[in-house]
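To start, the structure under review is shown below, and the notes come after it.
The values are calculated or read from the model by the stated rules, or taken from the named source; none is laboratory data. Keep in mind it's a predicted model, so treat the numbers as computed, not measured. Glycine gets a Cβ as well: all are built from the backbone with ideal geometry, and neighbour counts include every protein chain shown. Note: accessible area is taken over every heavy atom of the protein model, side chains too, but ligands, DNA and RNA are not part of it. Shrake-Rupley method; radii C 1.70, N 1.55, O 1.52, S 1.80 Å.
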Amino acid sequence: MNKTNTSNLSRRDFLKVTGAGLGGLMVAASAAGQAHAASGEGLPLPEQWALLYDATKCSGCRECEKACKRYNNLPEEDVEDLSGNTFTLIKLYQSEDGSEKSFRKYQCMHCVDPACAASCPVSALHKLENGPVVYDSYKCIGCRYCMQACAFGVPRYDWSLAYPFIRKCEMCYHRETGPACAEICPKQALIFGKRGDLLEIAKLRIAVNPGKYYEDRVYGEFEGGGTSVLILSGVPFEAIGLPALDHQPLPDRTQWALNIVPVIFFGVGGVMHAIYEATRRKARKQAEEA
Amino acid sequence: MASITFPIIKKKVSIGAVILMALAALGVFAAFFRWIDGFSQVSNLSDSRPWGLWISFDLLVGVPISAGAFILAATVHIFHIEKYKPILRPALLTGFLGYLLVIIALLVDLGQPQRIWHMLIYRNLHSPLFEVGMCVMTYTAVLFLEFSPPVLEKLGWTGLLQAVKKISIPVVILGVTLSTMHQSSLGSLFLIVPFKMHPLWYTPLLPLLFLVSAIAVGFGMVIFECTLSHQVMGGEVRKDIFQGLAKGMLATLSVLLAVKLGDLIYAGELGLLLDGSLQSKLFILENLVGIILPIAILLVPKLRRSVRWIFRAGMLTLIGLILYRLNIGLVSMAGAPYLPSWMELSVTVGLFSAGILVFGLALKHLPLEEGECAHGD
Ligand code: SF4
Ligand code: SF4
Ligand code: SF4
């Protein structure tokens with residue numbers, strides 16, 4: 001995975017070089033891209049709602065799953081992945097020789113700069129001022145671009161329906177005491193709080209237990225521009241299904257292309273008009289000469 | 001051609017047309033089931049394959065094969081190269097039909113098709129899909145305007161015809177602009193999935209590759225249409241037109257090859273070509289068939305002058321584009337194994353059959369060949 005990352009980076013640099021040649025289009029684009037990343041955040045990031053999941057503390061009791069089902073009125077079902085009726089799921093990872101074992105809680109990561117919200121053509125998905133990424137079903141047209149765009153494979157569909165809606169964790173945003181799953185966890189493996197505080201707690205745990213946590217770092221502090229669900233793990237993040245993202249927010253990769261849209265609109269339009277005038281004169285001259 | 005006589009309407013219909021009608025009817029049937037019965041009963045789509053054949057073929061192929069319309073409209077009305085005038089109307093018609101098919105396909109694919117107009121009120125300027133949607137809708141209207149003169153002529157509505165002709169140049173320019181925008185932003189759709197897409201296909205240059213490959217296949221489709229309408233209508237083959245189109249296609253394909261190759265070399269990914277995986281083989285196939293072979297054919301001066309070889313090169317370019325877009329939509333993306341269900345296939349095949357039928361009917365009944373096309377001066 002690391003190899004792919006570096007090659008992607010170098011490709012972006014290549015693009016910047018080409019872009020400079022194209023009259024600084026890219027400079028304008030990346031400036032606007034940063035503006036986009038900075039906007040749309042209500043509360044300062046450390047103040048926003050967040051969850052910290054410490055896989056080394058999780059006993060796999062699945063109380064969190066049940067609490068989620070109860071609170072969201074979801075039917076019990078036996079599934080191996082998140083589904084239209086399962087917004088969170090505990091899975092057990094075991095290495096082949098059985099020496100390494102870890103649970104992992106799957107759910108929406110409530111990205112700081114969510115790819116799902118950037119992709120949705122009708123803004124049905126959006127990030128609330130205080131952090132949760134939520135869904136307005138009444139806007140959704142069902143294009144499923146959000147499912148395609150999310151790097152964590154979170155948005156789900158009820159495929160048995162003819163007119164389904166997107167289904168995913170919304171961090172119990174309308175619940176005053178925060179997510180139901182965190183409230184019930186008996187092991188403090190899942191705690192709810194402000195993102196800044198949780199990061200501090202996570203780093204403290206790392207500092208107190210050197211060597212216990214994978215790479216001595218918190219997953220989600222920077223990955224894909226950061227997430228509001230932070231994860232500590234004793235086994236490699238990839239092993240428990242966390243994708244190796246670099247630090248660039250995913251929507252940024254699209255933003256440059258969108259930023260040059262007005263340039264294309266007026267540029268192509270203008271060039272076409274100029275060619276029209278030039279060739280018309282030529283065509284007339286030829287007609288007169290003939 | 002063999003034909004069947006229908007006693008009720010007392011008309012002869014060719015076997016080919018009967019087959020196309022049957023396929024179109026099957027497509028309508030399958031689409032109907034999708035709308036009343038749910039996705040899992042009809043399709044093989046799933047949470048890890050949210051986009052299947054309908055997006056990868058109907059949208060990602062349907063849009064570029066309609067690119068001939070904007071290329072020829074620009075050539076004739078903006079560059080004033082009059083030689084291509086006789087083939088402009090058929091190209092505009094295929095373009096218009098193509099976009100109609102894309103919109104119908106989207107109505108099948110969308111989970112809430114009745115809300116397609118929501119894009120107009122809940123705009124998200126950060127979404128490339130929003131841009132694609134808006135451009136496709138607007139450009140379909142533009143194509144309708146561009147193509148309307150022969151219909152208005154036939155109806156004898158001269159007043160309206162004059163009005164349409166008056167605004168024709170701005171409309172043509174708008175069409176070229178919108179096409180540049182959405183042909184490329186179809187590629188931008190995939191910029192956001194760098195970690196899901198195979199590195200052979202993922203590149204920040206996707207929008208450029210989508211635009212250039214659309215222009216190449218635009219030429220290829222015009223070559224195909226000319227051959228087809230020539231066979232339906234008879235008449236003389238305009239060799240100079242074919243050769244001009246071949247030149248355009250050769251130039252575009254060369255640019256495409258250079259960009260693709262340069263990008264792979266720059267990213268240091270050439271090695272991936274030889275890793276023996278299914279993906280690398282399909283990638284090689286797509287480029288061999290759709291870019292390298294047609295370039296090789298058209299580089300031979302003798303073949304470049306032959307209408308038959310130009311047609312073959314055009315067909316290869318078309319096949320190559322279909323492979324490219326299917327690879328992007330289905331092969332390059334990580335996810336569960338997926339093959340379209342027969343119902344999904346029926347919708348796609350049915351839509352394109354209906355398109356060919358309508359094109360054939362229009363060739364016979366509309367003044368596509370003679371007369372002035374929409375032209376302001
Ligand atoms: S994890 Fe996926 S669904 Fe959740 S906010 Fe991030 S991009 Fe959206
Ligand atoms: S499926 Fe709905 S929520 Fe997801 S991107 Fe499309 S319109 Fe937005
Ligand atoms: S409730 Fe806590 S300990 Fe139990 S499975 Fe969920 S996170 Fe793990």
What are the residues of the stretch A:252-271 that lose 40 Å² or more of accessible area, with a 1.4 Å probe, going from their chain alone to all protein chains?
A:Arg253, A:Thr254, A:Trp256, A:Leu258, A:Val261, A:Ile264, A:Phe265, A:Val268
What one gets for the stretch A:170-290 as the Kirkwood radius, inverse of mean 1/r over different Cα pairs in Å, is 19.5 Å
For A:Lys168, which lysines qualify as cross-link partners when the Cα separation must be under 19 Å and same-chain residues fewer than eight apart are set aside?
A:Lys66, A:Lys69, A:Lys91, A:Lys105, A:Lys127, A:Lys139
Protein-only accessible surface order, largest first, of A:Ile201, A:Ile264 at 1.4 Å:
A:Ile201, A:Ile264
Apply the Karplus curve 6.51 cos²θ - 1.76 cosθ + 1.60, θ = phi - 60°, to the phi angles in the stretch B:290-295 and return the couplings in whole Hz, x for Gly and Pro.
x, 10, 5, 4, x, 4
As a test of reading the structure, rank A:Arg175, A:Arg62, B:Arg49 by solvent-accessible area (1.4 Å probe, protein chains only), most first.
A:Arg62, A:Arg175, B:Arg49
With heavy atoms of protein chains only and a 1.4 Å probe, what residues of the stretch A:110-141 have at least 30 Å² less accessible area in the full set of chains than alone?
A:Ala118, A:Pro121, A:Val122, A:Ser123, A:Tyr138, A:Lys139, A:Ile141
Buried accessible area between B and A, both sides, 1.4 Å probe, in Å² rounded to 100, is 5900 Å²
Here, the stretch B:44-336 modelled as identical Cα point scatterers in vacuum has Debye log10 I(q)/I(0) at q = 0.11, 0.13, 0.16 Å⁻¹ of -0.68, -0.94, -1.34
Taking only protein heavy atoms into account and a 1.4 Å probe, give the accessible area per residue of the stretch A:38-257 in Å².
40 Å²
Of all accessible surface on the stretch B:44-336 at a 1.4 Å probe, what whole percent is carbon and sulfur?
72 percent
Could you tell me which residue out of B:Ser254, B:Ile19, B:Leu206 lies farthest along the dipole of chain B toward its positive end? Charges go on the beta carbon: Lys and Arg +1, Asp and Glu -1, centred on the Cα centre.
B:Ile19
Taking the Cα atoms of the stretch A:38-257, report the difference between the largest and smallest coordinate on each principal axis, in whole Å and largest first.
48, 40, 37
In Å², what does the accessible area per residue of the stretch B:91-169 work out to with a 1.4 Å probe?
41 Å²
Determine how many Å³ per residue the convex hull of the Cα atoms of the protein assembly as shown encloses.
184 Å³
What the Cα atoms of the stretch B:130-221 span along the principal axes, largest first and in whole Å, is 56, 28, 19
Using a 1.4 Å probe on the heavy atoms of the protein chains only, list every residue of the stretch B:64-84 that has 10 Å² or more less accessible area in the complete assembly than in its chain alone.
B:Ile78, B:Phe79, B:His80
Expressed as a percent, the accessible surface of the stretch A:38-257 that is carbon or sulfur, using a 1.4 Å probe and the full set of protein chains, is 51 percent
Of A:Glu77, B:Glu146, ordered by accessible area with the largest first and a 1.4 Å probe, the sequence is A:Glu77, B:Glu146
Expressed as a fraction of 2.2 N^0.38 Å, the rule-of-thumb size for a compact globular protein of N residues, what is the C-alpha radius of gyration of the stretch B:274-377?
1.49
Rounded to the nearest whole Å², what accessible area per residue is found for the stretch B:186-299 with the 1.4 Å probe?
38 Å²
If the cut-off is 17 Å between C-alpha atoms, which lysines fall inside it for A:Lys203, apart from same-chain ones fewer than 8 positions away?
A:Lys57, A:Lys194, A:Lys212
